[in-house]
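Working notes for the structure below.
The values are calculated or read from the model by the stated rules, or taken from the named source; none is laboratory data. Predicted model only: the values in this text are computed from it and were never measured. Using ideal geometry, Cβ is built from the backbone for each residue, glycine included, and neighbour counts are taken over all protein chains shown. Heads up: the accessible areas ignore ligands, DNA and RNA and are worked out on the full protein's heavy atoms, side chains in. Shrake-Rupley method; radii C 1.70, N 1.55, O 1.52, S 1.80 Å.
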Amino acid sequence: LTETIPSGLAFVGASCDNCTTFTQRSGTPPNGAFVWDIGEIPPGEKRTVRITVRVPVGPLDPLVDAATVNAITMPEPPQEDKIPGNNRALHTIRIIRGNVRAEIVAPKLTRPGQEFELRVRARNTTPNAPAFVRRMTLTLPYGVTLVNAGGGHVDGASVSWNYRGGQGLQVDGGTMHQEVVRVRTLREDEAAALPALLITNLVIEPVPGGDRDPSDNEATARTVVLITPRPQGDVRLRIHSEFDPNRGVYLTEGAAFAWPLGETLYFTPRVALTERQPGLPYYRVDQRIVAWSFRSGPWNLTQSGAECRAREEPPATDTEHADLSGMPGCRYRYLDAQPSPDDMRRQGRLHWSAFAPNVGEATYLVSPPPPNPSIRIRYATLVELTEAGYEDLDEDGRTDSVLERRTFILDGDAQVTLIAPRDAR
(Lines give C-alpha, C1' and ligand atoms only; values in the text may rest on other atoms or scores of the structure.)
Protein backbone atom coordinates (compact mmCIF):
# COMPACT_ATOMS: atom_id res chain seq x y z
CA LEU A 1 0.00 0.00 0.00
CA THR A 2 1.36 3.38 -1.01
CA GLU A 3 -0.21 6.42 0.61
CA THR A 4 0.65 9.92 -0.56
CA ILE A 5 -0.09 12.24 2.35
CA PRO A 6 -1.14 15.73 1.20
CA SER A 7 1.44 18.42 1.63
CA GLY A 8 0.94 20.33 4.87
CA LEU A 9 -0.22 17.41 6.97
CA ALA A 10 2.21 15.89 9.44
CA PHE A 11 2.45 12.09 9.65
CA VAL A 12 1.86 10.74 13.17
CA GLY A 13 1.52 6.96 12.79
CA ALA A 14 -0.26 4.07 11.09
CA SER A 15 -1.84 0.73 11.99
CA CYS A 16 -3.60 -2.12 10.17
CA ASP A 17 -6.60 -4.17 11.28
CA ASN A 18 -6.06 -7.96 11.11
CA CYS A 19 -2.84 -7.67 9.14
CA THR A 20 -0.52 -10.66 9.42
CA THR A 21 2.29 -8.43 8.28
CA PHE A 22 2.40 -4.65 8.55
CA THR A 23 5.80 -3.18 7.85
CA GLN A 24 6.60 0.35 6.87
CA ARG A 25 8.96 0.03 3.96
CA SER A 26 9.58 3.68 3.30
CA GLY A 27 8.32 7.13 3.98
CA THR A 28 10.53 10.09 3.51
CA PRO A 29 9.08 13.59 3.48
CA PRO A 30 8.81 15.99 1.74
CA ASN A 31 7.25 13.90 -1.00
CA GLY A 32 4.80 12.54 1.57
CA ALA A 33 4.78 9.00 0.08
CA PHE A 34 4.63 6.18 2.61
CA VAL A 35 4.78 2.47 1.63
CA TRP A 36 3.65 -0.45 3.79
CA ASP A 37 3.72 -4.22 3.34
CA ILE A 38 0.43 -5.56 4.64
CA GLY A 39 0.78 -9.29 4.02
CA GLU A 40 -1.70 -11.83 2.72
CA ILE A 41 -5.40 -11.12 2.26
CA PRO A 42 -7.51 -14.29 1.93
CA PRO A 43 -10.33 -14.36 -0.65
CA GLY A 44 -13.32 -12.23 0.30
CA GLU A 45 -11.58 -10.43 3.17
CA LYS A 46 -10.32 -6.87 3.59
CA ARG A 47 -7.59 -5.06 5.42
CA THR A 48 -7.99 -1.52 6.80
CA VAL A 49 -4.94 0.69 7.27
CA ARG A 50 -5.45 3.60 9.62
CA ILE A 51 -3.10 6.52 9.09
CA THR A 52 -3.04 9.36 11.63
CA VAL A 53 -1.93 12.82 10.59
CA ARG A 54 -1.93 16.22 12.31
CA VAL A 55 -3.54 19.26 10.73
CA PRO A 56 -1.39 22.33 11.40
CA VAL A 57 -2.77 25.72 12.31
CA GLY A 58 -2.53 27.77 9.16
CA PRO A 59 -4.11 28.34 5.78
CA LEU A 60 -4.66 25.12 3.83
CA ASP A 61 -6.37 24.56 0.50
CA PRO A 62 -8.60 21.49 0.02
CA LEU A 63 -6.31 18.45 0.22
CA VAL A 64 -6.26 15.42 -2.09
CA ASP A 65 -5.33 12.12 -0.52
CA ALA A 66 -4.10 9.36 -2.89
CA ALA A 67 -3.74 5.63 -2.10
CA THR A 68 -2.39 2.89 -4.39
CA VAL A 69 -2.18 -0.88 -3.87
CA ASN A 70 0.12 -3.29 -5.70
CA ALA A 71 -0.91 -6.97 -5.36
CA ILE A 72 -0.04 -10.40 -6.62
CA THR A 73 -2.21 -13.53 -6.43
CA MET A 74 -1.39 -17.00 -5.21
CA PRO A 75 -0.80 -19.97 -5.72
CA GLU A 76 2.48 -20.30 -7.47
CA PRO A 77 3.50 -18.98 -9.79
CA PRO A 78 2.45 -15.47 -8.62
CA GLN A 79 0.17 -13.61 -10.94
CA GLU A 80 -0.57 -9.90 -11.17
CA ASP A 81 -3.84 -8.42 -10.01
CA LYS A 82 -6.56 -9.30 -12.48
CA ILE A 83 -8.12 -5.79 -12.49
CA PRO A 84 -5.35 -3.27 -11.93
CA GLY A 85 -7.62 -0.35 -12.90
CA ASN A 86 -9.15 -0.17 -9.45
CA ASN A 87 -5.87 -0.14 -7.55
CA ARG A 88 -5.82 3.65 -7.05
CA ALA A 89 -8.22 5.79 -5.01
CA LEU A 90 -8.45 9.55 -4.46
CA HIS A 91 -10.18 11.43 -1.67
CA THR A 92 -10.57 15.18 -1.13
CA ILE A 93 -10.20 16.44 2.43
CA ARG A 94 -11.71 19.79 3.40
CA ILE A 95 -10.21 21.38 6.51
CA ILE A 96 -12.91 22.91 8.75
CA ARG A 97 -11.74 25.83 10.90
CA GLY A 98 -13.61 27.11 13.92
CA ASN A 99 -14.90 30.67 13.88
CA VAL A 100 -13.88 32.90 16.77
CA ARG A 101 -16.07 35.90 17.58
CA ALA A 102 -15.12 38.90 19.75
CA GLU A 103 -17.49 39.79 22.60
CA ILE A 104 -17.48 42.40 25.36
CA VAL A 105 -19.79 42.18 28.36
CA ALA A 106 -20.10 45.61 29.98
CA PRO A 107 -22.81 47.29 32.08
CA LYS A 108 -25.23 49.56 30.30
CA LEU A 109 -25.04 52.12 33.11
CA THR A 110 -22.36 53.47 35.40
CA ARG A 111 -21.98 56.51 37.63
CA PRO A 112 -19.03 58.81 38.33
CA GLY A 113 -16.55 57.09 40.64
CA GLN A 114 -18.13 53.64 40.26
CA GLU A 115 -16.11 50.47 39.61
CA PHE A 116 -17.28 47.85 37.12
CA GLU A 117 -16.00 44.85 35.18
CA LEU A 118 -15.32 44.46 31.49
CA ARG A 119 -15.48 40.82 30.38
CA VAL A 120 -13.75 40.26 27.06
CA ARG A 121 -14.35 36.98 25.28
CA ALA A 122 -13.17 35.00 22.30
CA ARG A 123 -16.11 32.71 21.53
CA ASN A 124 -15.85 29.80 19.08
CA THR A 125 -19.21 29.71 17.33
CA THR A 126 -18.42 26.49 15.43
CA PRO A 127 -19.70 23.42 17.32
CA ASN A 128 -17.03 20.86 16.42
CA ALA A 129 -13.90 22.60 15.17
CA PRO A 130 -11.22 24.49 17.11
CA ALA A 131 -10.14 28.07 16.52
CA PHE A 132 -6.80 29.59 17.43
CA VAL A 133 -6.28 33.03 18.96
CA ARG A 134 -2.90 34.72 19.04
CA ARG A 135 -3.76 38.03 20.72
CA MET A 136 -6.64 40.00 22.23
CA THR A 137 -6.40 43.77 22.65
CA LEU A 138 -8.84 45.85 24.68
CA THR A 139 -8.90 49.62 24.20
CA LEU A 140 -10.25 51.47 27.22
CA PRO A 141 -12.38 54.57 26.70
CA TYR A 142 -11.65 58.05 27.96
CA GLY A 143 -13.43 58.55 31.24
CA VAL A 144 -12.19 55.49 33.16
CA THR A 145 -9.09 54.51 35.10
CA LEU A 146 -7.74 50.97 35.18
CA VAL A 147 -8.11 49.14 38.50
CA ASN A 148 -7.05 45.60 37.56
CA ALA A 149 -5.73 44.48 34.17
CA GLY A 150 -6.55 40.82 34.75
CA GLY A 151 -3.05 39.63 33.84
CA GLY A 152 -2.92 41.57 30.59
CA HIS A 153 -0.13 43.81 29.39
CA VAL A 154 -0.93 47.49 29.88
CA ASP A 155 0.21 50.02 27.31
CA GLY A 156 -1.40 53.40 27.79
CA ALA A 157 -5.14 52.98 27.30
CA SER A 158 -4.90 49.41 25.96
CA VAL A 159 -4.69 46.00 27.65
CA SER A 160 -3.48 43.05 25.58
CA TRP A 161 -3.01 39.32 26.07
CA ASN A 162 -0.45 37.42 23.97
CA TYR A 163 -1.10 33.70 24.08
CA ARG A 164 1.79 31.24 24.16
CA GLY A 165 4.22 33.80 22.90
CA GLY A 166 2.08 34.52 19.87
CA GLN A 167 1.83 30.87 18.85
CA GLY A 168 -1.83 30.81 19.71
CA LEU A 169 -4.45 29.64 22.17
CA GLN A 170 -6.81 26.86 21.11
CA VAL A 171 -10.48 27.60 21.67
CA ASP A 172 -12.47 24.41 21.23
CA GLY A 173 -15.72 24.34 19.30
CA GLY A 174 -18.70 25.72 21.18
CA THR A 175 -16.56 27.15 24.00
CA MET A 176 -15.06 30.54 24.79
CA HIS A 177 -12.02 32.08 26.42
CA GLN A 178 -12.57 35.02 28.77
CA GLU A 179 -10.44 37.72 30.38
CA VAL A 180 -11.72 40.14 33.05
CA VAL A 181 -10.61 43.74 33.47
CA ARG A 182 -11.80 46.03 36.25
CA VAL A 183 -12.07 49.79 35.73
CA ARG A 184 -13.43 52.81 37.57
CA THR A 185 -15.36 55.70 36.09
CA LEU A 186 -13.71 59.03 36.75
CA ARG A 187 -15.20 61.22 39.45
CA GLU A 188 -16.44 64.64 38.46
CA ASP A 189 -13.53 66.27 40.30
CA GLU A 190 -11.02 64.23 38.27
CA ALA A 191 -11.91 65.57 34.83
CA ALA A 192 -12.90 68.87 33.32
CA ALA A 193 -15.86 67.11 31.70
CA LEU A 194 -17.03 63.51 31.85
CA PRO A 195 -18.22 61.80 28.68
CA ALA A 196 -21.84 60.73 28.63
CA LEU A 197 -20.89 57.51 26.81
CA LEU A 198 -17.97 55.12 27.34
CA ILE A 199 -17.03 53.20 24.18
CA THR A 200 -14.84 50.13 24.76
CA ASN A 201 -13.28 48.28 21.83
CA LEU A 202 -11.95 44.70 21.59
CA VAL A 203 -9.89 43.29 18.72
CA ILE A 204 -9.05 39.57 18.40
CA GLU A 205 -6.08 38.59 16.29
CA PRO A 206 -6.29 34.92 15.33
CA VAL A 207 -3.40 32.73 14.30
CA PRO A 208 -3.18 32.88 10.48
CA GLY A 209 -5.60 30.27 9.22
CA GLY A 210 -6.92 29.67 12.72
CA ASP A 211 -10.21 31.48 12.18
CA ARG A 212 -12.77 30.82 9.49
CA ASP A 213 -14.37 34.28 9.40
CA PRO A 214 -12.33 37.35 10.41
CA SER A 215 -15.26 39.74 9.96
CA ASP A 216 -16.47 39.31 13.57
CA ASN A 217 -13.09 39.67 15.28
CA GLU A 218 -13.90 43.14 16.60
CA ALA A 219 -16.50 44.14 19.21
CA THR A 220 -17.66 47.38 20.79
CA ALA A 221 -19.46 47.94 24.09
CA ARG A 222 -21.28 51.13 25.10
CA THR A 223 -21.77 52.18 28.71
CA VAL A 224 -23.78 55.29 29.54
CA VAL A 225 -22.41 57.47 32.36
CA LEU A 226 -25.23 58.71 34.56
CA ILE A 227 -24.16 62.26 35.41
CA THR A 228 -26.42 64.23 37.74
CA PRO A 229 -25.54 67.89 37.18
CA ARG A 230 -25.51 70.14 40.19
CA PRO A 231 -28.18 72.82 39.62
CA GLN A 232 -27.09 76.37 39.03
CA GLY A 233 -29.48 79.27 39.23
CA ASP A 234 -29.78 83.02 39.29
CA VAL A 235 -31.69 84.05 42.44
CA ARG A 236 -33.86 87.14 42.38
CA LEU A 237 -36.84 88.14 44.53
CA ARG A 238 -40.42 88.95 43.80
CA ILE A 239 -41.39 91.67 46.30
CA HIS A 240 -44.62 93.27 47.41
CA SER A 241 -45.77 95.90 49.92
CA GLU A 242 -49.22 96.68 51.25
CA PHE A 243 -48.24 100.37 51.06
CA ASP A 244 -47.79 100.17 47.30
CA PRO A 245 -50.66 102.14 45.77
CA ASN A 246 -50.56 99.90 42.68
CA ARG A 247 -50.55 96.70 44.76
CA GLY A 248 -47.97 95.33 42.39
CA VAL A 249 -45.63 92.36 42.65
CA TYR A 250 -42.21 93.31 41.33
CA LEU A 251 -39.14 91.33 40.33
CA THR A 252 -35.83 92.69 41.54
CA GLU A 253 -33.27 93.44 38.86
CA GLY A 254 -30.58 91.45 40.63
CA ALA A 255 -29.58 90.14 44.02
CA ALA A 256 -29.71 93.61 45.63
CA PHE A 257 -32.59 96.03 46.11
CA ALA A 258 -33.70 98.95 48.28
CA TRP A 259 -36.57 98.84 50.73
CA PRO A 260 -38.29 101.50 52.87
CA LEU A 261 -37.53 101.23 56.57
CA GLY A 262 -40.55 100.42 58.69
CA GLU A 263 -42.44 98.70 55.90
CA THR A 264 -43.25 94.99 55.82
CA LEU A 265 -41.58 93.18 52.91
CA TYR A 266 -43.55 90.36 51.32
CA PHE A 267 -41.18 88.30 49.22
CA THR A 268 -40.68 85.01 47.43
CA PRO A 269 -37.70 83.82 45.38
CA ARG A 270 -37.63 83.54 41.64
CA VAL A 271 -34.79 81.20 40.56
CA ALA A 272 -33.78 80.84 36.91
CA LEU A 273 -32.18 77.39 36.73
CA THR A 274 -29.55 76.77 34.10
CA GLU A 275 -30.52 73.84 31.91
CA ARG A 276 -27.89 71.15 31.37
CA GLN A 277 -28.40 67.95 29.38
CA PRO A 278 -25.16 65.91 29.69
CA GLY A 279 -26.77 62.57 28.80
CA LEU A 280 -28.77 63.19 25.65
CA PRO A 281 -29.87 61.25 23.64
CA TYR A 282 -29.77 58.48 26.25
CA TYR A 283 -31.42 60.29 29.15
CA ARG A 284 -32.71 63.76 29.89
CA VAL A 285 -32.31 65.92 32.98
CA ASP A 286 -35.45 67.39 34.60
CA GLN A 287 -35.00 69.81 37.48
CA ARG A 288 -37.52 71.74 39.54
CA ILE A 289 -37.60 73.63 42.81
CA VAL A 290 -39.84 71.90 45.34
CA ALA A 291 -39.51 74.10 48.46
CA TRP A 292 -37.69 77.12 49.85
CA SER A 293 -36.86 78.77 53.16
CA PHE A 294 -34.95 81.85 54.29
CA ARG A 295 -32.74 83.36 56.93
CA SER A 296 -32.22 86.98 57.84
CA GLY A 297 -29.80 88.66 60.18
CA PRO A 298 -28.21 86.74 63.04
CA TRP A 299 -31.16 84.42 63.57
CA ASN A 300 -32.09 81.39 61.53
CA LEU A 301 -35.76 81.11 60.68
CA THR A 302 -35.44 77.55 59.41
CA GLN A 303 -34.50 76.08 62.78
CA SER A 304 -37.81 76.37 64.56
CA GLY A 305 -40.98 74.97 63.08
CA ALA A 306 -43.03 76.72 65.78
CA GLU A 307 -42.10 80.12 64.37
CA CYS A 308 -42.97 79.43 60.75
CA ARG A 309 -45.28 82.36 59.99
CA ALA A 310 -47.76 83.23 57.27
CA ARG A 311 -46.52 80.48 55.06
CA GLU A 312 -47.99 78.22 52.43
CA GLU A 313 -46.34 74.86 52.88
CA PRO A 314 -45.15 72.96 49.80
CA PRO A 315 -47.79 70.41 48.72
CA ALA A 316 -47.07 66.71 48.90
CA THR A 317 -47.14 66.42 45.11
CA ASP A 318 -44.12 68.75 44.92
CA THR A 319 -42.05 67.01 47.59
CA GLU A 320 -43.10 63.40 46.90
CA HIS A 321 -39.69 62.23 45.64
CA ALA A 322 -37.54 64.92 47.28
CA ASP A 323 -35.19 64.44 50.21
CA LEU A 324 -35.60 67.51 52.41
CA SER A 325 -33.60 66.21 55.36
CA GLY A 326 -30.94 68.83 54.64
CA MET A 327 -33.50 71.59 54.85
CA PRO A 328 -34.87 71.58 58.40
CA GLY A 329 -37.44 73.98 59.77
CA CYS A 330 -39.74 76.30 57.84
CA ARG A 331 -40.44 75.35 54.25
CA TYR A 332 -42.46 77.47 51.87
CA ARG A 333 -44.14 76.56 48.63
CA TYR A 334 -42.19 77.67 45.58
CA LEU A 335 -44.27 79.63 43.08
CA ASP A 336 -43.35 79.05 39.45
CA ALA A 337 -45.81 81.48 37.95
CA GLN A 338 -46.19 85.18 38.61
CA PRO A 339 -47.76 85.43 42.09
CA SER A 340 -50.65 87.68 42.97
CA PRO A 341 -50.67 90.03 45.99
CA ASP A 342 -52.82 87.46 47.82
CA ASP A 343 -50.23 84.75 47.02
CA MET A 344 -47.51 86.98 48.47
CA ARG A 345 -49.30 87.19 51.82
CA ARG A 346 -48.63 83.46 52.31
CA GLN A 347 -44.93 83.76 51.46
CA GLY A 348 -42.04 85.29 53.40
CA ARG A 349 -42.54 88.41 55.54
CA LEU A 350 -39.85 90.62 57.07
CA HIS A 351 -40.09 93.99 58.80
CA TRP A 352 -37.12 96.17 59.67
CA SER A 353 -37.85 99.07 62.03
CA ALA A 354 -35.98 101.35 64.40
CA PHE A 355 -38.81 100.76 66.86
CA ALA A 356 -40.95 97.75 67.58
CA PRO A 357 -44.45 98.52 66.33
CA ASN A 358 -47.23 95.96 66.37
CA VAL A 359 -46.86 94.37 62.94
CA GLY A 360 -48.89 91.24 63.62
CA GLU A 361 -47.97 87.69 64.50
CA ALA A 362 -47.46 86.62 60.90
CA THR A 363 -44.43 88.87 60.34
CA TYR A 364 -40.84 88.48 61.40
CA LEU A 365 -39.65 91.70 63.06
CA VAL A 366 -36.03 92.87 63.11
CA SER A 367 -35.48 95.81 65.41
CA PRO A 368 -33.24 97.70 65.50
CA PRO A 369 -32.27 97.12 61.85
CA PRO A 370 -28.78 95.71 61.22
CA PRO A 371 -26.22 97.86 59.38
CA ASN A 372 -26.08 95.50 56.39
CA PRO A 373 -29.35 93.58 56.17
CA SER A 374 -29.55 90.56 53.90
CA ILE A 375 -31.83 87.67 53.12
CA ARG A 376 -30.42 84.21 52.50
CA ILE A 377 -32.70 82.13 50.33
CA ARG A 378 -32.36 78.38 50.63
CA TYR A 379 -34.11 76.32 47.97
CA ALA A 380 -34.43 72.57 47.38
CA THR A 381 -34.08 71.42 43.77
CA LEU A 382 -35.14 67.93 42.72
CA VAL A 383 -33.14 66.59 39.78
CA GLU A 384 -34.48 63.56 37.90
CA LEU A 385 -32.67 61.60 35.20
CA THR A 386 -35.15 59.90 32.87
CA GLU A 387 -34.62 57.61 29.90
CA ALA A 388 -35.15 59.58 26.71
CA GLY A 389 -36.81 56.77 24.76
CA TYR A 390 -33.61 55.85 22.97
CA GLU A 391 -32.62 52.75 24.95
CA ASP A 392 -33.73 50.69 27.94
CA LEU A 393 -30.75 51.50 30.16
CA ASP A 394 -32.00 49.90 33.38
CA GLU A 395 -33.39 46.86 31.52
CA ASP A 396 -36.85 47.08 33.05
CA GLY A 397 -38.63 46.71 29.72
CA ARG A 398 -39.30 50.44 29.30
CA THR A 399 -37.45 53.35 27.72
CA ASP A 400 -38.98 56.15 29.82
CA SER A 401 -38.00 55.08 33.35
CA VAL A 402 -36.61 57.44 35.97
CA LEU A 403 -33.02 56.31 36.48
CA GLU A 404 -32.02 58.53 39.40
CA ARG A 405 -33.34 61.24 41.69
CA ARG A 406 -31.26 63.62 43.78
CA THR A 407 -32.18 66.62 45.87
CA PHE A 408 -29.81 69.59 46.06
CA ILE A 409 -30.10 72.22 48.81
CA LEU A 410 -28.73 75.50 47.46
CA ASP A 411 -28.34 79.03 48.79
CA GLY A 412 -28.62 82.48 47.31
CA ASP A 413 -28.17 85.84 49.06
CA ALA A 414 -30.08 89.06 48.47
CA GLN A 415 -28.63 92.32 49.82
CA VAL A 416 -31.07 94.91 51.13
CA THR A 417 -30.44 98.65 51.38
CA LEU A 418 -32.88 100.25 53.83
CA ILE A 419 -34.02 103.72 52.76
CA ALA A 420 -36.21 106.40 54.30
CA PRO A 421 -39.82 105.42 54.94
CA ARG A 422 -42.40 106.44 52.36
CA ASP A 423 -44.74 107.42 55.23
CA ALA A 424 -43.02 109.20 58.13
CA ARG A 425 -46.01 109.56 60.42
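In square angstrom, rounded to the nearest 10, how much accessible surface does D172 have for a 1.4 Å probe?
Accessible surface of D172 is approximately 80 Å².
Can you sort R349, R187, R25 by 1.4 Å-probe accessible area, starting with the largest?
R25, R187, R349
Rounded to the nearest 10 Å², what accessible area does I409 show when all protein chains are kept and the probe is 1.4 Å?
I409 has an accessible surface of roughly 50 Å² with all protein chains in place.
Using a 1.4 angstrom probe on the protein heavy atoms only, could you order H153, H240, H321 from most to least accessible area?
Numbers: H153 115, H240 0, H321 80 Å².
From most accessible down to least: H153, H321, H240.
Cα centroid distance between the stretch 130-145 and the stretch 98-125, in Å?
Taking the Cα centre of each part, the stretch 130-145 and the stretch 98-125 sit 10 Å apart.
Rank-order 398-405, 206-213 by packing density, defined as the average count of other C-beta atoms within 10 Å over each peptide's residues, highest first. Each step should come with its number before you reach the end.
Details: 398-405: 14.4, 206-213: 19.2.
Descending mean neighbour count gives 206-213, 398-405.
At what distance in angstrom do the alpha carbon centres of the stretch 1-44 and the stretch 204-277 lie from each other?
83 Å
Based on the Cβ-Cβ distance from V154 to E218, what FRET efficiency comes out when R0 is 22 Å, to the nearest 0.05? Present the calculation step by step, with values, prior to reporting the outcome.
Working: r = 20 Å, r/R0 = 0.92.
Once rounded, the FRET efficiency stands at 0.60.
Just checking my list (1) 24.8, 76; (2) 28.2, 103; (3) 42.3, 155 against Rg and Dmax of the Cα atoms in Å computed from this structure; which label fits?
Calculated Rg and Dmax of the Cα atoms in Å: the matching label is (3).
Taking 7 Å along the Cα-to-C-beta vector as the label spot, tell me the A67-R345 distance in nanometres, rounded to one decimal.
The two pseudo-label positions are separated by 11.0 nm.
Starting from the stretch 326-356, pick out the chymotrypsin sites (Phe, Trp or Tyr not before Pro) whose DSSP state is loop and whose Cβ has at most 13 other Cβ atoms within 10 Å.
F355
Per-residue accessible area for T185 at 1.4 Å probe radius, Å² rounded to 10?
In the full protein context, T185 sits at about 0 Å².
Please compute one quarter of the surface area of the Cα convex hull for the stretch 87-130 and express it in square nanometres. Can you show the working numbers first?
Values: hull surface 17.4 nm².
Directional mean of the projected Cα hull area for the stretch 87-130 stands at 4.3 nm².
Would you rank L146, L280, L169, L237 by solvent-accessible area, highest first, keeping every protein chain in place and using a 1.4 Å probe?
L280, L146, L169, L237
Work out the FRET efficiency for Q178 and V55 from their Cβ-Cβ distance, taking R0 = 25 Å, and round it to the nearest 0.05.
Values: r = 26 Å, r/R0 = 1.04.
Efficiency computed from Cβ-Cβ geometry: 0.45.
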